[in-house]
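Worksheet for the structure shown next.
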Amino acid sequence: MKFIDTHCHVTLENFDEDREDLLKIMEEELEFFIEVAIDMKSSEYLYQYSKNFKNGFITVGVHPTETENFNYDSIEQLKLFLPCEKVIAIGEIGLDFHWDTDRNKQYKALEMQLELAKNYDIPVIFHVRDAYKEMYDFLNKSKFSDLKGVVHCFSGNYEIAKKFLNLGYYLGFDGPITYPKNEELRETIKNIPIDRILFETDSPFLPPKPFRGKRNDPLKVSYVYEKAADVLNINIEELKSIVFQNAKKLFDI
Ligand SMILES: [Zn+2]
């Protein structure tokens, strides 16, 4: 079995020079990948472009730091993309308090997009940065707690992980699990149920350790798998198969 990358951005300009070649290799080397939208423009673009993906799926949705102009028209437009068979989730949506953008707008856009996901019974991909507590509190007391989804690029400790697991969510892990300083994150992986783990690259961001400072790409998800297999003391082939099943189940692929 091949690897999967459940979160990448290969349509960003970082890949303009070699995207077609890379997609060809990704067809060979990956079981499948999920290209994630970050705003209205990329949602529309992915909707059009996804026909070029032989083994790729897409999401549509607006990232928390891109919610400045999010409104009901945005929801109406996102609705138009959902019948496309390549669209397998709403994302990436969530809360990001790292950057100084309007928090009320972030909450509003999050709520509206969760409502959309609920109405269409489609899973969500969460981006949460410097806001785990707020995100958990919001999900825990909201009417959306039965939604399926993944907290992408999880970087919290086991206590935080448990909270999201208890709400039924999956956790996605990326290149940072290979960074020497992230011992706590590796401890988290060791302690959570293996049937709730996904692996991703967030390419072109977050390259695994040997490539720090360079562009990341979906093929490098193998380094995330290798590190996790090591931490979990499990055969990598077995891990591939488990994570493949996890992703298939969550995204109904
Ligand atoms: Zn992302």
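The values are calculated or read from the model by the stated rules, or taken from the named source; none is laboratory data. This is a predicted model, so every value here is computed, not measured. Glycine also receives a Cβ, built like all others from the backbone with ideal geometry; neighbour counts cover every protein chain displayed. Ligands, DNA and RNA are excluded from the accessible area calculation, which covers all protein heavy atoms including side chains. Shrake-Rupley method; radii C 1.70, N 1.55, O 1.52, S 1.80 Å.
Using a probe of 1.4 Å, the accessible surface attributed to Asp146 totals some 120 Å² when neighbouring protein chains are kept in position.
Counting helices only, and only those DSSP H runs with n ≥ 4, report the 222 nm mean residue ellipticity of the chain as the sum of -39,500 (n - 2.57) divided by its residues, in deg cm²/dmol to the nearest 500.
On the way: 9 runs with 105 residues, N = 253.
It comes out at -13000 deg cm²/dmol, rounded to the nearest 500.
Could you work out how far the C-alpha centroid of segment 100-149 sits from that of segment 208-253, in angstrom? When both Cα centres are located, 26 Å separates them. Summing charges over neighbours of Leu46, with a neighbour being any other residue whose Cβ is under 10 Å away from its Cβ, gives 0 when K and R count +1 and D and E count -1.
When Lys and Arg each count +1 and Asp and Glu each count -1, what net charge do the other residues less than 9 Å away from Lys240, Cβ to Cβ, add up to?
Numbers: positive: Lys2; negative: Glu31, Glu237, Glu238.
Computed value for this residue: -2.
Among the trypsin sites (Lys or Arg not before Pro) within segment 168-207, those in coil by DSSP and having at most 10 neighbouring Cβ atoms inside 10 Å are Lys181.
Once the cut-off is 24 Å, how many percent of the Cα-Cα pairs in segment 138-253 end up in the long-distance tail? That fraction is 23 percent.
Quote to one decimal, in nm, the extra length available between Leu167 and Ile234 on full extension: 0.36 nm per residue of separation minus the C-alpha distance between them. Kindly include the intermediate steps, with their values, before the conclusion.
Values: separation 67, 0.36 × 67 = 24.12 nm, distance 2.64 nm.
Length gained between Leu167 and Ile234: 21.5 nm.
Applying both filters, DSSP loop and at most 14 other Cβ atoms within 10 Å, to the GluC sites (Glu not before Pro) of segment 64-144 gives Glu68, Glu85. With 0.36 nm allotted per residue and the present C-alpha distance subtracted, the Lys133-Tyr158 stretch has 7.7 nm of extension available. A simple spin-label model places the labels of Lys181 and Glu76 4.8 nm from each other, with each point 7 Å out along Cα-to-Cβ. For Asp96, nonlocal amide neighbours, meaning residues 5 or more places apart or on other chains whose placed amide H falls under 5 Å from its own, are Arg129.
With helices defined as uninterrupted DSSP H runs, which ones in the chain have an alpha carbon span along their own long axis of at least 18 Å and mean Kyte-Doolittle hydropathy of at least -1.0?
Qualifying helices, which must be both long enough and hydrophobic enough, are 236-251.
The Rg/Rh ratio of the chain, with both radii computed over alpha carbons and Rh defined as the Kirkwood radius, is 0.93.
I need to check one value: relative contact order of segment 3-251, counting alpha carbon pairs closer than 8 Å and at least 6 residues apart, in percent. Present the calculation step by step, with values, prior to reporting the outcome.
On the way: 476 pairs, mean separation 44.3, N = 249.
Relative contact order for segment 3-251 comes out at 18 percent.
Please give the contour-minus-distance gain from Asp16 to Asp252: 0.36 nm per residue of separation, less the Cα-Cα distance, rounded to one decimal in nm.
81.9 nm
What is the sum of charges around Lys148, taking Lys and Arg as +1, Asp and Glu as -1, for the other residues whose C-beta is under 10 Å from the C-beta of Lys148? With Lys, Arg at +1 and Asp, Glu at -1, the neighbours total -2.
Each residue of segment 5-15 was assigned a 3J(HN,Hα) from its phi angle through the Karplus expression (A = 6.51, B = -1.76, C = 1.60, θ = phi - 60°), giving 10, 8, 7, 8, 9, 7, 8, 5, 5, 4, 10 Hz with x at Gly and Pro. Working from label points 7 Å from Cα in the Cα-to-Cβ sense, the Lys214 to Lys141 distance is 4.8 nm. Placing a label point 7 Å from the Cα of Lys2 along the Cα-to-Cβ direction, the residues of segment 166-209 whose backbone N falls under 17 Å from that point are 199-201.
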